[in-house]
Amino acid sequence: MPVRVVLPADPVLGTEPQEVVARLWKRRQTETGWVYLVGLPSFRDREDGGVEAAEYRVWVRAPDHVRPVDGVDYDQVVTEKLERSPQAVVREVLGERRPSGWVLAKVRDRGPARSVLHAPDCEEAPQGAPLLDVDRALDAAEHPGTQLCTLCGAAQELTPLLRGFDHITDSAPADS
């Protein structure tokens, strides 16, 4: 398939960028975008001292260095699409992960609670507060003056770690 390849400017020779028609062999999707394997027309020396037409194959980044030729259908070009990583599949199913850690907000004039533990992306979390790892968050949560935020899910995530999982299932522990 014909394709236009943009050749870079050469400041030493004083040339501007140029477009040449080349042959498109393959296209490949990578983590950083698409690359195309193109065959640029060239010449090579023969053993008998003569010169013959040749092709120089090189991978170039699209769309920076490749342009389509009007009227050409590229559906038949060998195309290697990037396989979805297991992390991408998990992200698609579960959504984006929230930031890790916990944030402790000091509360004044709110009854017995003197602090509230939030996820860092909670609307009620104080901006710029230091992040607590799970052990420090559990230590803070055990304090009688600390509440766990129900808006961001801190209560749902930390309560089983504090009190065990049985209290959330309405089932009695199995006898051993």
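The values are calculated or read from the model by the stated rules, or taken from the named source; none is laboratory data. Values in this document were obtained by computation on a predicted structure and should not be read as measured data. Every residue, glycine among them, receives a Cβ derived from its backbone with ideal geometry; neighbour counts consider all protein chains shown. Note: areas computed on protein heavy atoms with side chains; ligands, DNA, RNA excluded. Shrake-Rupley method; radii C 1.70, N 1.55, O 1.52, S 1.80 Å.
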- Task: Name every residue in region 143-164 that is open to solvent by 90 Å² or more (accessible area, probe 1.4 Å) and either more than 17 Å from A105 (Cβ to Cβ) or part of a helix (DSSP H, G or I) (or both), in order of residue number.
- Result: Q156, L161, R163
- Message: Filter region 124-158 down to the residues that are of a type in the set (D, E, K, R) and either in contact with a helix residue (DSSP H, G or I) (Cβ under 6 Å, 6 or more places away or on another chain) or modelled with pLDDT of 85 or more (or both) and list them by number.
- Response: E124, D133, D135, R136, D139, E142
- Message: I'd like the full set of residues that are of a type in the set (V, I, T) and open to solvent by 30 Å² or more (accessible area, probe 1.4 Å), limited to region 34-52.
- Response: V51
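Kindly indicate which of E31, E19 is touching a strand residue (DSSP E or B) at 6+ places or on another chain (Cβ under 7 Å), open to solvent by 90 Å² or more (accessible area, probe 1.4 Å) and of a type in the set (D, E, K, R).
Details: E31 fails: touching a strand residue (DSSP E or B) at 6+ places or on another chain (Cβ under 7 Å).
The match here is E19.
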